[in-house]
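Engineer: What follows is a single structure, and I will ask about it in a moment.
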Amino acid sequence: MDTDDRLAADLAHDLDRSFEALVVAHQDRLYTIALRMLGDPRDAEEASQDAFVRAYRALATYDATRIREMRLRGWLTTIVLNLCRTRGVRRAGQGAPPISLDVEGAPTIEPSAARTEAPPEVAERHAERERWSGRLAELPPVYRAAVVLRHVDGLSYPEAAAALGRPEGTVKAQVHRGIALLRTMLEADARNELEEMTA
Amino acid sequence: MNRSTDHVLVAGPTGPIEAALADLTATAPARLRPAVLIQVGLADAYARIDSPIGPLTVAWNGRGVSVVDAAEDDATFETRHRTVTGREAFATDALPPRLADAIARRLGGDRRVRIDLDLRGHSPFERDVWRKALEIPRGEVRPYGWVAAEIGRPRAVRAVGTALGHNPVPLIVPCHRVVRTDGSIGQYSLGGPGNKRTILRSEGLDPEGLEAQAAAGIRYTGSDTTRIVCLPTCRHARRTTDAHRVSFRSAQAATEAGYRPCRVCRPDSGAARAA
């Protein structure tokens, strides 16, 4: 029995008592997916928060048998991806963000500027992550979602296909196309850097 | 496809693109978990508000307000909150503006403003008592026996008192507007009878005057022009001029004198026990 199967069994038995464990087990994943899909930490936080709230409300209406048989990983992924999609659309239309509950003493969202005293290798790794996240953001959303699920979140092709609601072959093609585009961007970046160094 | 081009090496990734992508995982902000739990009602947020009896702590979650308490500090509040709700409470700077506004308006006497309450874990009887207390307008009081009769449990006067003492959201559910059947002010969960008097006074009542009236045996007030009998604080009773005011010791005495009970304050509710 893997962690998710155990979680599903616990949720089926007592949703309120087990829901926090579901949040703890999946919050980094959902936040990562939302962050890589939306690019903005605040938006990602809201989308992943909203995803858990929707998950809870849905689970509250399901009977125990249905919950026990759920594939939680894929299901939560589908919810957060849908929210990222609608958020992207709404953002384009300049809608207001939902109200969030700020909890006192909570650290600020994602470390970025406050890294001045980090050792050079940490700073370099951070810069490298920023570059890759920038490249991901430039991918068309269809490819980005497939690449994020397969290579950032590490879902298998069948899991990613189920979460995206697309045939496995399509998802494979989208991942490959996405990687190819990222390679093109990487090569262009490298060329630019080389030109700057030799200029 | 050739991964180890010069460009890739120049650009500096330590491995293939897939490895760089696998390094893009992030840690959720620490406030995500509490925010989710609060929104679904598995934990509460809390903050301070001002009130006629000084600062109070209000706890709420996505289902509604769950606790109002006069605790002096966070640790005391959190312990009491956990005892009442069984949930974790997280401190915040302030109430959400809409909730703060709704509470301020409700405390100011506006009964139209809706405040959701989270009263899970309390008995149906308790919730019936609290719902009834919510119907008592600002500036008026009703006896325990009245509440008991109104919820269809006329003999449960003592249990009504206990339920009011357990009211987790005092002020919002105005249990301070329920007084003893003999007319004395009675106990109050939010810091004792002194606070109860202060709050009633802030709502325009004269608690000492009421008690003096009750001690003199006046439990009901009628108007000799309308021949309607009310509880003394009913807004209709208070409109009656002194020249036309008639006092009664019991609802029965009023009935015998040919007075009919007010349809707003229903003074006959619980009158059998009060008499």
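Engineer: Sum up the charges of everything whose Cβ sits under 12 Å from the Cβ of B:SER223, counting Lys and Arg as +1 and Asp and Glu as -1, but leave B:SER223 out.
Structural biologist: Neighbourhood net charge equals +3.
Engineer: Roughly what angle does helix B:124-134 make with the longest principal axis of chain B, taking Cα atoms, 0 to 90 degrees, to the nearest 10?
Structural biologist: The two axes meet at around 70 degrees.
Engineer: Can you tell me what share of the DSSP beta bridges in the protein assembly as shown is antiparallel? A percent to the nearest 5 is fine.
Structural biologist: Values: 17 of 27 bridges.
Rounded to the nearest five, the antiparallel share is 65 percent.
Engineer: Please identify the cysteines of the protein assembly as shown that lack any partner cysteine with a Cβ under 4.7 Å from their own Cβ.
Structural biologist: A:CYS84, B:CYS175 - these cysteines have no disulfide-compatible partner (Cβ-Cβ under 4.7 Å) in the protein assembly as shown.
Engineer: Among B:ALA30, B:ALA59, B:ALA45, determine the one that fluctuates most according to a GNM of chain B built with springs between C-alpha atoms less than 10 Å apart.
Structural biologist: Looking only at B:ALA30, B:ALA59, B:ALA45, the largest GNM fluctuation is found for B:ALA30.
Engineer: From the Cα gyration tensor of the stretch B:32-107, with a ≥ b ≥ c the square roots of its eigenvalues, which class applies: rounded if a/c is under 1.5, or else prolate if a/b is larger than b/c, or else oblate?
Structural biologist: Working: a/c = 1.90, a/b = 1.21, b/c = 1.57.
Oblate.
Engineer: Compute the distance from the alpha-carbon center of the stretch B:114-129 to that of the stretch B:37-75, in whole Å.
Structural biologist: 16 Å
Engineer: Report the FRET efficiency, 1/(1 + (r/R0)^6), for B:THR225 and B:ARG131, where r is their Cβ-Cβ distance and R0 is 22 Å, rounded to 0.05.
Structural biologist: Computed FRET efficiency for B:THR225 and B:ARG131: 0.05.
Engineer: Mind checking which of B:PRO261, B:PRO96, B:PRO29 has the largest fluctuation in a GNM of chain B, springs on alpha carbons under 10 Å?
Structural biologist: Largest GNM mean-square fluctuation: B:PRO29.
Engineer: On to the next question. Taking the Cα centroid of the stretch B:217-231 and of the stretch A:131-193, what is the distance between the two, rounded to the nearest whole Å?
Structural biologist: Rounded to whole Å, the Cα centres lie 80 Å apart.
Engineer: Where both residues lie in chain B, what percent of DSSP beta bridges are antiparallel, nearest 5?
Structural biologist: So the antiparallel bridges in chain B amount to around 65 percent.
Each value in this text was obtained by applying a stated rule to the coordinates, not by laboratory testing. Quantities reported herein were computed from a predicted structural model and do not represent experimental measurements. Note that each Cβ is placed from the backbone with ideal geometry, even for glycine, and that neighbours are counted across all protein chains shown.
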